[in-house]
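Undergrad: This structure is in structure tokens; I'll ask about it shortly.
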Amino acid sequence: ILGRETETDVPVDALEEHLRSKGVKEEDAYSMKLAFNEALANAIKHGNKLRRDASVKVAIAVQAGEIKVVVQDEGEGFPHGAAHDPTAKDFWEHTSGRGRFIMEHYCDEVRYSEKGNEVTLVKRRAG
């Protein structure tokens with residue numbers, strides 16, 4: 001995927017369509033759509049620094065028990081230790097910085113590569 005942060009609609013819609021074609025329940029598809037949108041926007045904006053010549057690789061696996069989406073950018077990575085709490089009062093006026101919080105809220109697992117330029121989103125499928 002090449003593009004700008006604002007060009008996430010096509011891949012996000014493609015993910016949603018793919019999940020529906022695999023019989024994924026609406027609730028799970030919605031959760032993965034939100035988390036994927038954040039991961040993709042972070043990869044484009046923070047990882048690839050909005051460079052049009054940089055790409056983002058995406059892998060999707062839909063299995064009986066879980067959905068897994070991997071997003072990898074060409075960036076240098078980031079220190080992925082403990083994230084700040086975007087619900088804290090001193091953070092309310094910030095206009096960004098909620099992506100990790102959203103991914104972690106809507107997924108059962110969020111894992112980062114050691115380098116920090118790849119995130120794996122895992123959602124266990126609802127009954």
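A short reminder: the numbers here are calculations on the coordinates, not readings from a lab. No experiment lies behind these values; they were computed from the predicted model shown. Here Cβ is always computed from backbone atoms with ideal geometry, including for glycine, and neighbour counts include all displayed protein chains.
Undergrad: Report ³J(HN,Hα) in whole Hz for each residue of region 99-116, in order, from the Karplus equation J = 6.51 cos²θ - 1.76 cosθ + 1.60 where θ = phi - 60°; Gly and Pro get x.
TA: 3J(HN,Hα) across region 99-116, in whole Hz: x, 4, 4, 5, 4, 5, 6, 8, 10, 7, 9, 9, 10, 10, 5, 4, 5, x.
Undergrad: Here is a further query. Hey, what does the equivalent ellipsoid look like for the chain, semi-axes from the Cα gyration tensor as sqrt of 5 times each eigenvalue, largest first, whole Å?
TA: Semi-axes from the Cα gyration tensor: 23, 18, 14 Å.
Undergrad: Still on this model: Between Ile67, Ile102, Asn37, whose Cα lies farthest towards the positive end of the dipole of the chain when Lys and Arg beta carbons carry +1 and Asp and Glu beta carbons carry -1, centred on the Cα centre?
TA: Ile67
Undergrad: With a cut-off of at most 16 other beta carbons within 10 Å, and DSSP calling the residue loop, which trypsin sites (Lys or Arg not before Pro) in region 7-60 qualify? Please list them.
TA: Here the sparse-neighbourhood loop sites are Lys22, Lys25, Lys49, Arg51, Arg52.
Undergrad: I need the phi-derived Karplus couplings for region 68-79: 6.51 cos²θ - 1.76 cosθ + 1.60, θ = phi - 60°, integer Hz, Gly and Pro marked x.
TA: Using θ = phi - 60°, the values come out as 10, 10, 10, 10, 10, 10, 9, x, 7, x, 8, x Hz.
Undergrad: Here's a follow-up. Name all residues of region 44-67 having a backbone nitrogen under 20 Å from the label point set 7 Å from the Cα of Arg111 along its Cα→Cβ direction, giving them as ranges.
TA: Counting backbone N atoms under 20 Å from the label point, the list is 57-67.
Undergrad: A follow-up question, please. Under 20 Å between alpha carbons: how many lysine pairs meet that in the chain, if sequence neighbours fewer than 8 apart on the same chain are excluded?
TA: Close lysine pairs found across the chain: 19.
Undergrad: Can I ask one more? Suppose every Lys and Arg Cβ carries +1 and every Asp and Glu Cβ carries -1, with no other charges. What dipole size does the chain come out with about its Cα centre, to the nearest 20 debye?
TA: Working: 19 positive and 23 negative charges, 38 e Å.
That gives the chain a dipole magnitude of about 180 debye.
Undergrad: Say each of Asp9 and Ala126 gets a label point 7 Å from the Cα, pointing the same way as Cα to Cβ; how far apart are those two points in nm?
TA: 2.6
Undergrad: Next question. Could you check the simple spin-label distance between Lys89 and Ala64, using points 7 Å along Cα→Cβ, in nm with one decimal?
TA: Inter-label distance under the simple model: 5.1 nm.
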